[in-house]
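Take a look at the structure set out below.
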Amino acid sequence: MHEIRTFPDAAAWADACAARLSEALSAALAESGKAVFAGSGGSTPSPIYARLAQAPLDWSRIVVTLVDERYVPETSPDSNAALIKRALLTGPAAAARFTPLYHPSVTVDRAAALAGHALADEGGRLDAVLLGMGEDGHICSMFPDSPTLKALLSPTLPPAVLGVPPGRDGRAPSLERLSINLPYLVGARRVVLALTGAAKRAVFEREAAGDPAVQPIAALLAHKVPLEVLWTEAA
C-alpha cells in the first residue's frame, strides 16, 4: 500500500500540501529558471491555494495551468479557471502567467488540441501538480466508464490534453471536460494528492488495489507517478 501521510487538522494538512508544492516549484526555478504548476478545481484545494499564493517564489517565472477543466468559459460558475484565479493568483502569485485548458472552439476535442499545444510550448512538463479525488475514485477528468478513460490512462501516449464527453444515463461528468493524461503525471516532478475525510481515505485504499487500466489511482501507482498522498480526517 502506498504511504498516506496523515495530519492532525486541516491547517497542518494545507500547510504541508502547499509546502511540498512550493518546494517543487523552487527546485524547478533553480534548475531551469522557470516552472509549471497544474492545479485542480473543487472546494478541497482552496486553503492550499491560499497558502501557496504567499510562497516566496519568483512567480513571474511560473506558469499556472489546470489538470482538468469543464468546457465552459470563465464567466461560468463551473469554471475551474475562474476558481484558480480567485484562490491562487492573488498576492505574490498574481505575477504568474495563467495558461487555460478551455478555448472557445467548435468542439471540445479541438479545444483540447489547442490546450495541448499551449502546454507543449511551456516545455511539456509539469513541475508541481495538485490533485483531488472524487468519491468515485476519479482524478483529473478520468471518470469510471468514460469512453476516453483508457486513452487518458494509456502510459504509451505522449503527454496530451484530451476532450471528455459527458456521461450517459446520469453518470459523471455532467458537462464536457478537458483533462491532462497519465503521461503528464508520470513525467511530473512532484504530484500531491490532497485528501480529506474518512470516506476519501477508504476510496483511495480501495482504488489503489484496483486495475491500472481502468482505475486512475491504481494507474498512478503502477506507473510510478511521483505521488505524495496527504490526508486529514477533518473534512
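Couple of notes before you dig in:
- Debye log10 I(q)/I(0) for the chain, one point scatterer per Cα, at q = 0.08, 0.14 Å⁻¹: -0.26, -0.85
- Surface composition of the chain: carbon and sulfur atoms hold 53% of the protein heavy-atom accessible area at a 1.4 Å probe.
- For Cys17, the accessible area of its heavy atoms, probed at 1.4 Å with every protein chain present, is near 0 square angstrom.
- Computed label-point distance, nm, for sites Phe98 and Glu122 using a 7 Å Cα→Cβ extension: 1.2
- Antiparallel bridges, percent of DSSP beta bridges restricted to the chain (to nearest 5): 25
- For the range 128-167, accessible area per residue (1.4 Å probe, heavy atoms of protein chains only), Å²: 37
- When the chain is treated as a Gaussian network with alpha carbon springs shorter than 10 Å, the biggest mean-square fluctuation among Leu126, Leu195, Leu157 belongs to Leu157.
- Inter-label distance for Glu205 and Ser43, nm, one decimal - labels placed 7 Å from Cα along Cα-to-Cβ: 2.5
- The stretch between Ala27 and Val106, if pulled fully straight at 0.36 nm per residue, gains 24.6 nm over its current Cα-Cα span.
- Surface listing: Glu205, Glu228 arranged by accessible area from highest to lowest gives Glu205, Glu228, probe 1.4 Å.
- Full-stretch length increase - Ala234, Thr6 - with 0.36 nm per residue and alpha-carbon distance subtracted: 81.0 nm
- Paramagnetic reach from Leu157 in the range 20-56 [backbone N under 15 Å; point 7 Å along Cα→Cβ]: none
- Cα centroid separation, the range 166-235 to the range 99-161: 13 Å.
- From helices alone, the chain scores -10000 deg cm²/dmol at 222 nm; the rule is -39500 (n - 2.57) for each run of n ≥ 4 DSSP H residues, then divide by the residue total.
- Considering only Val225, Val36, Val67, the mean-square fluctuation computed in a Gaussian network model of the chain, springs between alpha carbons under 10 angstrom, is largest for Val225.
- The mean sequence separation of alpha-carbon pairs under 8 Å and at least six residues apart, normalised by the residue count of the range 37-187, gives a relative contact order of 24 percent.
- Percentage of interatomic Cα-Cα distances in the range 160-235 larger than 17 Å: 57
- Calculated FRET value between Asp58 and Lys150, using beta carbons and R₀ = 41 Å, to 0.05: 0.55
- Solvent accessible area, Å² - His138, 1.4 Å probe, full protein context: 40
- Dipole magnitude of the range 193-235, debye to nearest 20 (Cβ charges: Lys/Arg +1, Asp/Glu -1, about Cα centre): 20
- Placing unit charges on each Cβ (+1 for Lys and Arg, -1 for Asp and Glu) gives the chain a dipole about its Cα centre, and among Gly170, Ala14, Gly116 the Cα reaching farthest toward its positive end belongs to Gly116.
The values are calculated or read from the model by the stated rules, or taken from the named source; none is laboratory data. Keep in mind that this is a model prediction, so the values were computed, not measured. In this analysis, Cβ positions are derived from the backbone assuming ideal geometry, glycine residues included, and neighbour counts consider all displayed protein chains. Note: accessible area is taken over every heavy atom of the protein model, side chains too, but ligands, DNA and RNA are not part of it. Shrake-Rupley method; radii C 1.70, N 1.55, O 1.52, S 1.80 Å.
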